[in-house]
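**Q** Below: one structure in structure tokens.
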Amino acid sequence: MRVPVVHRVPVVHQQARRRRARYARLLWNGAEILVTLGVVLMLLVVHQLWWTNRQAREGAERKVQALQREWEGEGSVGGGGSLSDRGSTSPGDSDDDSDGDRDGSGARSRSAPDSASATNPRPRPRPRWTQAYAILTIPRLDLRVPVAEGISKANVLNKGYVGHYPGTAQPGRDGNFALAGHRNTHGEPFRYINRLRRGDRIEVETRTAVYTYVVDRTLSQTSARDGGVIREIPRSTVRPSYGYTDPGYYLTLTTCTPEYTSKYRLVVWGKLGSMRPR
């Protein structure tokens, strides 16, 4: 008599199946979250490195063109007479000693050289906050950008403008005409100022004159709190061997360094070489 063979059917535990399904869902959901975060981060990077640059550069270019049209339009008034003869109200060329420029230490700026005083004899108001009132041109960098009063990120620097440090001298005045600009994102006008070399020209154009500064010295890295670099006689308080000891007509450019950080500051100094009326 043959004994029938009984095949055992494996018992599938429902609890184990549910556990595996739960783990699979968790892994899938985690993967979706990681992919979403990656896409969001990629979009943020694109926005910061491409879109903000494009937007700020276009806005800065439009502002430069608007300033040029404004100045040219004023130049045609009164039969083409000089701007100084018509009492131009250029904020960048104020000769009002009662409201003189101050450097980082609070000292008043002294009078401009005779040639500048003769060209701009009448008192003129100071720049309004965030108002673009000059054009900075650096031929070596193929840069042409508006200069506005103040160093607010939202109202000045993030527009792709270069900002004038409040309390420092105005263009062509004795003392230190000190400027700040982004090195990365938002137009990054000062991204390549580390490429400037001694003897390079930097022009600052206002409603009444064009001032040509000549690059003299560079401080490749200093503390973000080194206020000495923008004083009337610029000299680093962190690295005292960098800077000047005598009064003069200085230009200071500052930006962040290394790139994509704001830990330190890069500084370029220039001296006024010449001035010509518009």
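The values are calculated or read from the model by the stated rules, or taken from the named source; none is laboratory data. This one's a predicted model, so the numbers in the text were calculated from it and none came from an experiment. Here Cβ is always computed from backbone atoms with ideal geometry, including for glycine, and neighbour counts include all displayed protein chains.
**Q** If G270 satisfies every condition in (1) touching a strand residue (DSSP E or B) at 6+ places or on another chain (Cβ under 8 Å); (2) surrounded by fewer than 19 Cβ atoms within 10 Å (Cβ to Cβ) but one, which is the exception?
**A** Of the numbered conditions (1) touching a strand residue (DSSP E or B) at 6+ places or on another chain (Cβ under 8 Å); (2) surrounded by fewer than 19 Cβ atoms within 10 Å (Cβ to Cβ), the odd one out for G270 is (2).
**Q** Does T218 qualify as being touching a residue at least 60 places away in the same chain (Cβ under 8 Å) and either farther than 17 Å from L251 by Cβ or not in a helix (DSSP H, G or I) (or both)? Working first, answer last.
**A** Working: touching a residue at least 60 places away in the same chain (Cβ under 8 Å): no; either farther than 17 Å from L251 by Cβ or not in a helix (DSSP H, G or I) (or both): yes.
No; evaluated as a whole, the condition is false for this residue.
**Q** Which members of the stretch 213-234 meet the condition of being of a type in the set (A, V, I, L, M) and out of contact with any Lys or Arg (no Cβ under 8 Å at 6 or more places or on another chain)? Spell out the reasoning first.
**A** If we filter the stretch 213-234 for residues that are of a type in the set (A, V, I, L, M), which is where we start, we get 214-215, 219, 224, 229-230, 233.
Result: I230, I233.
**Q** Continuing with the same structure: For residues in the stretch 248-278 being under 19 Å from V204 (Cβ atoms) and part of a loop (DSSP other than H, G, I, E, B), which is nearest to the chain's Cα centre (by Cα)? Step through it out loud before you land on a result.
**A** Residues of the stretch 248-278 that are under 19 Å from V204 (Cβ atoms), as a first pass: 248-255, 267-278.
Restricting the remaining residues to those that are part of a loop (DSSP other than H, G, I, E, B) gives 248, 278.
Working: G248: 24, R278: 26 Å.
The qualifying residue nearest to the chain's Cα centre (by Cα) is G248.
**Q** Something else now. Checking K63 against (1) touching a strand residue (DSSP E or B) at 6+ places or on another chain (Cβ under 7 Å); (2) at pLDDT below 80: exactly one of these is not met. Which one?
**A** Looking at each condition in turn, K63 falls short on (2).
Results for (1) surrounded by fewer than 19 Cβ atoms within 10 Å (Cβ to Cβ); (2) touching an Asp or Glu at 6+ places or on another chain (Cβ under 8 Å); (3) in a helix (DSSP H, G or I), shown as yes or no for each residue.
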| residue | (1), (2), (3) |
| --- | --- |
| A148 | no, no, no |
| S152 | yes, no, no |
| N155 | yes, no, no |
| G163 | no, yes, no |
| P166 | yes, yes, no |
| R173 | no, yes, no |
| N176 | no, yes, no |
| L179 | no, no, no |
| H182 | no, yes, no |
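**Q** Can you tell me which residue is surrounded by the fewest Cβ atoms within 10 Å (Cβ to Cβ) among those in the stretch 184-214 that are free of Cβ contacts under 8 Å to residues at least 60 places away in the same chain and not in a strand (DSSP E or B)? Before you say what the answer is, go through the steps one by one.
**A** Quick first cut of the stretch 184-214, residues free of Cβ contacts under 8 Å to residues at least 60 places away in the same chain only: 192, 195, 197-199, 214.
From what is left, the residues that are not in a strand (DSSP E or B) are 192, 195, 197-199.
On the way: Y192: 15, R195: 12, R197: 9, R198: 11, G199: 11.
The residue in question is R197.
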